[in-house]
Each structure stands twice: as C-alpha cells, then as structure tokens.
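Enquirer: So that we are looking at the same thing, I have put the structure below in structure tokens.
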Amino acid sequence: MTLRVLVVEDDREIRALMQSSLSVEGFEVQTAVSLSEAGAMFRHHPPDVIVLDLGLPDGDGVELVREVRRHRAIPVIVVSARHQEAQKILLLDAGADDYLTKPFSVGELLARIRVALRHRGTALAAAVTEHALDDLHIDLQSHVVLRDGQPVHLTPTEYKLLARLVRSAGRVVTHRQLLTDVWGPEFTEHTHYLRLYMGQLRAKIERDSAEPRHLLTETGVGYRLATA
Ligand code: CA
C-alpha cells in the first residue's frame, strides 16, 4: 500500500526537496502552499500523514490541526523555524503529533513520519503497553519497570509520568500535556513539578542522569521517551 503525504509548505525549494525525497522513499506526495489549499485537499482526499510548515501566508495552522483531529487519526508533523516556538507548542497541544525545527535532515523527517505512523497504527489496534530499549524494560500491564533486569521502585506519580511517556514513546509530549494527564488540568502552569519528578525518574532509570539515554528533554517544549 502506498502511503500518501500532504506537504504544506510555501517555500518552493523546501517543498521540492521534501517532495523528491519522500517520493524516493515510496510515498505518494501531494503539496499545498497555503492553509486554505491544505484544508481543501484534506477534506477532498485525506492523506495518511501531514507535514505542516508553520510559516504560511494565510494563518497559523491551529484550525487545520483541530479539524484533522476532529475527523481522523492522521498524524500531523509540524515544521517550524526557531522563532516560532510558542506557536509550535500551541499546535502540539492542539493535537499535532511531533515537530521538526528547521534546518532538519530528510532522514530526521522520515524517522518522525515512521514513528508517528507506527504510533497511530498501534493506537488504533491497541494501546502501547510495553517499552524496551537497551537496559530499560517497562510493562504497563503488569506494572513492572526493570533496569538491567532489576525492578525499579517508583512512586505512584513517577510511575504515572513514565507511563504517559511510554504511551507516546518516540514522540514529544508537551509540558502542558504531561501536567494535564499526570496531575490534572488545573496544574498546567506547574512546570516545576515536572522538573522535580523528571529529575527523580532519571535518577532511578538513567545510568547518567546528566546525560539521559531514555528520558530526553525537548528544550522549551516537553519530553520524549527514546525509542532508538
Ligand atoms: Ca514557510
């Protein structure tokens, strides 16, 4: 089955580069140069994945992400420039799956697309309940966390935080999403809770918590559980 990607990008060079490299990888590529065009294409013929640039001539993309989320589980990967940090977080909170900051390599883009598609696929089939990478093994069904085969003892909040990251393994989860899902919607501004608990989790899980292998910081955005 050929997967269809909708690339929304007004920069002609970047658009052409993404189109050719994604085609080489076997994707069928559609392109749009504005949000209005992208919205029309999405409604007419929904793709399997959307790559959405933030710097578009006719708006900020939040409405498009919300519309996609209302109708289907299509992964949306946001592409932004560094100065668009706040807008990028808004889109992630609105339901975008992941993001890339310009300049990025085609390899990175492909990796993010694969993770997002896999995640949506498994989310439709069954929730992700297991995670294993190197020395770390997490099984949410039996409530077990092992490091080097040895049980790691976590507090209920530490476990909730880790479990939330396992369910989105490989993808960034924003501060707001983590605070809402672990502590509750009234705690979205309490980012110091996150820093505190992430520090505790790293001390228990990482070999070197100063250079985390598993619990990765996405500066200013959130955290990501490494899958590779
Ligand atoms: Ca642009």
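The values are calculated or read from the model by the stated rules, or taken from the named source; none is laboratory data. Quick caveat, the model's predicted, so the values are computed rather than measured. Heads up, the Cβs are rebuilt from the backbone with ideal geometry, glycines too, and the neighbour counts pull from every protein chain shown. Just so you know, the surface numbers come from the protein's heavy atoms only, side chains and all, with ligands and any DNA or RNA stripped out. Shrake-Rupley method; radii C 1.70, N 1.55, O 1.52, S 1.80 Å.
Enquirer: For the chain, give the percent of accessible area contributed by carbon and sulfur heavy atoms, probe 1.4 Å, rounded to a whole number.
Expert: Percent of accessible area from carbon and sulfur atoms in the chain: 52.
Enquirer: Excluding ligands, DNA and RNA, what is the solvent-accessible area per residue of the chain at a probe of 1.4 Å, expressed in Å²?
Expert: Normalised by residue count, the accessible surface of the chain is 49 Å².
Enquirer: Taking θ as phi - 60°, what are the ³J(HN,Hα) couplings along the stretch 195-209 by the Karplus curve (6.51, -1.76, 1.60), each to the nearest whole Hz, with x for Gly and Pro?
Expert: Whole-Hz 3J(HN,Hα) from phi for the stretch 195-209: 4, 4, 6, 5, x, 5, 4, 4, 4, 8, 9, 7, 5, 10, 5.
Enquirer: Tell me, what ³J(HN,Hα) does each residue in the stretch 55-69 have, in order and in whole Hz, if you take phi through Karplus 6.51 cos²θ - 1.76 cosθ + 1.60 with θ = phi - 60° and put x for Gly and Pro?
Expert: Residue by residue, the stretch 55-69 yields x, 10, x, 10, x, 9, x, 4, 4, 5, 4, 5, 5, 4, 5 Hz.
Enquirer: If you take the charge dipole of the stretch 4-119 about its Cα centre, with +1 on Lys and Arg Cβ and -1 on Asp and Glu Cβ, which of Val78, Ile113, Gly39 is farthest toward its positive end?
Expert: Result: Ile113.
Enquirer: At 1.4 Å probe size, what's the solvent-accessible area of Arg176? Round to the nearest 10 Å².
Expert: Answer for Arg176: close to 110 Å² accessible.
Enquirer: In whole Hz and in residue order, list the ³J(HN,Hα) couplings for the stretch 32-42 that follow from phi through the Karplus curve 6.51 cos²θ - 1.76 cosθ + 1.60, θ = phi - 60°; x for Gly and Pro.
Expert: Calculated HN-Hα couplings, in order: 9, 9, 8, 5, 5, 5, 4, x, 5, 5, 4 Hz.
Enquirer: Of Thr217, Gly199, Phe187, whose Cα points farthest to the positive end of the dipole of the stretch 130-225 (charges on the beta-carbon: +1 Lys, Arg; -1 Asp, Glu; origin at the Cα centre)?
Expert: My answer, from the dipole projection, is Phe187.
Enquirer: Tell me which aspartates and glutamates have Cα within less than 12 Å of Lys88's Cα, excluding those fewer than 8 residues away on the same chain?
Expert: By straight Cα distance, Lys88 reaches Asp53, Asp60, Asp97, Asp98.
Enquirer: On a straight-distance basis, which lysines could pair with Lys204 in a cross-link, Cα separation under 16 angstrom, same-chain partners fewer than 8 positions away excluded?
Expert: Lys160
Enquirer: Which of Asp181, Asp134, Asp48 moves the most in a Gaussian network model of the chain with Cα springs under 10 Å?
Expert: Answer for the Gaussian network model of the chain: Asp134.
Enquirer: Figure the gain on full extension for Ser142 and Phe104 (residue separation times 0.36 nm, minus the Cα-Cα span) and round it to one decimal in nm. Before the final figure, lay out the partial values.
Expert: On the way: separation 38, 0.36 × 38 = 13.68 nm, distance 3.86 nm.
Contour length minus the Cα-Cα distance gives 9.8 nm.
Enquirer: Accessible surface of His175 in the full protein assembly, 1.4 angstrom probe, to the nearest 10 Å²?
Expert: 50 Å²
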